[in-house]
Amino acid sequence: MKKQTSAPRLSIAEENYLKAIYKLTEHSERPAATTAIAEQMQTAAASVTDMLKRLADKGLIHYERYKGVSLSDEGLRLATHLVRKHRLWEVFLVDKLGFGWDKVHDIAEQLEHIRSPELVERLDEFLGRPRFDPHGDPIPDAEGQFAERQQILLCKLTEGQQGVIVGVAEHAPSFLQFLDKLSLVLGTCLEVVERFDFDDSMKVRLPDGREVLLSSKVTHNLFVQKQPV
């Protein structure tokens, strides 16, 4: 394993900001807007500006007022390590302690700030070096590399096509609890029976033969791997 380089000592608040910026820029080439960061952190814009100046002084972000925020190479490394710890702890909580996938986010938010590279390495080894967390999100390895897999949103399937649920785009407990009630958990195979243009909803068939109607909000937040028919 590549030896960890020394990292600047950060407060929990600073780490949370790095992860928030990471999430906002993960799938976009555009910098994160300060208003979006404020919404993500649930705080006032003035507080965000003060923190961004602090992170910029530490060389962790690129920040110009009114032009948005992006992570520096070092900021990206630290944010990726936080994501790694968070998702490993979620696997541990679900697989080893029996927590539901709707219960682990807030606990993992606390555990991710434990500063012990040895603990993270041992946790990864103990869990069998998982590549994805309980929500289907990829877990970066010690080098910061993410596993890749072919997946699309359920809404992209057409009538008659099948897909296996491999992830969720929405992590809100209420959404995950809703999926549990319908037995729409990771590994479930779905077949699209009918699509409705009126409201972009979709009727799907489950492995037990049940047919359920899913709203557009659901189909736009479920990732599936398309299966051969």
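The values are calculated or read from the model by the stated rules, or taken from the named source; none is laboratory data. Just so it is clear, the model here is predicted, and its values are computed rather than measured. Cβ: placed from backbone, ideal geometry, glycine included. Neighbour counts: every protein chain shown.
The residues of the range 60-112 that are assigned to a loop (DSSP other than H, G, I, E, B) and either crowded, with 18+ Cβ neighbours inside 10 Å or at pLDDT 95 or above (or both), listed by number, are LEU60, SER72, LYS96, LEU97, GLY98, PHE99, GLY100, TRP101, ASP102, LYS103, VAL104, GLU112. Screening LEU119 on (1) hydrophobic (A, V, I, L, M, F, W, C); (2) free of Cβ contacts under 8 Å to residues at least 12 places away in the same chain; (3) not in a helix (DSSP H, G or I) shows it passes everything except condition (3). Can you pull out the residues in the range 201-229 that are basic (Lys, Arg) and touching a Gly at 6+ places or on another chain (Cβ under 9 Å)? Matches in the range 201-229: LYS226 only. Just one residue in the set ILE114, ILE152, ILE139 is β-branched (Val, Ile, Thr) and farther than 29 Å from SER183 by Cα; that residue is ILE114.
Looking at the range 144-173 only, could you name the residues that are free of Cβ contacts under 8 Å to residues at least 60 places away in the same chain and not charged (D, E, K, R)? Spell out how you get there, then give the answer.
So the first thing to find is which residues in the range 144-173 are free of Cβ contacts under 8 Å to residues at least 60 places away in the same chain, and the list is 145-148, 156, 158-159, 165-170, 172.
Answer for the range 144-173, where residues must be free of Cβ contacts under 8 Å to residues at least 60 places away in the same chain and not charged (D, E, K, R): GLN145, PHE146, ALA147, THR158, ILE165, VAL166, GLY167, VAL168, ALA169, ALA172.
So which residues in the range 155-210 are part of a loop (DSSP other than H, G, I, E, B) and closer than 26 Å to GLU90 by Cα, if there are any at all? Those that are part of a loop (DSSP other than H, G, I, E, B) and closer than 26 Å to GLU90 by Cα: ALA169, GLU170, HIS171, ALA172, LEU182, SER183, LEU184, VAL185, LEU186, GLY187, THR188.
Among ALA147, ALA142, which is the only one that is part of a loop (DSSP other than H, G, I, E, B), touching a Phe, Trp or Tyr at 6+ places or on another chain (Cβ under 8 Å) and surrounded by fewer than 19 Cβ atoms within 10 Å (Cβ to Cβ)? Walk me through how you get there before you give the answer.
Working: ALA142 fails: touching a Phe, Trp or Tyr at 6+ places or on another chain (Cβ under 8 Å).
When all the criteria are applied, what remains is ALA147.
Assess whether GLU159 counts as being more than 15 Å from LEU222 (Cα to Cα) and not assigned by TED's automatic domain parsing to the domain that holds LEU97. Considered against the rule, which asks whether it is more than 15 Å from LEU222 (Cα to Cα) and not assigned by TED's automatic domain parsing to the domain that holds LEU97, GLU159 comes out as yes.
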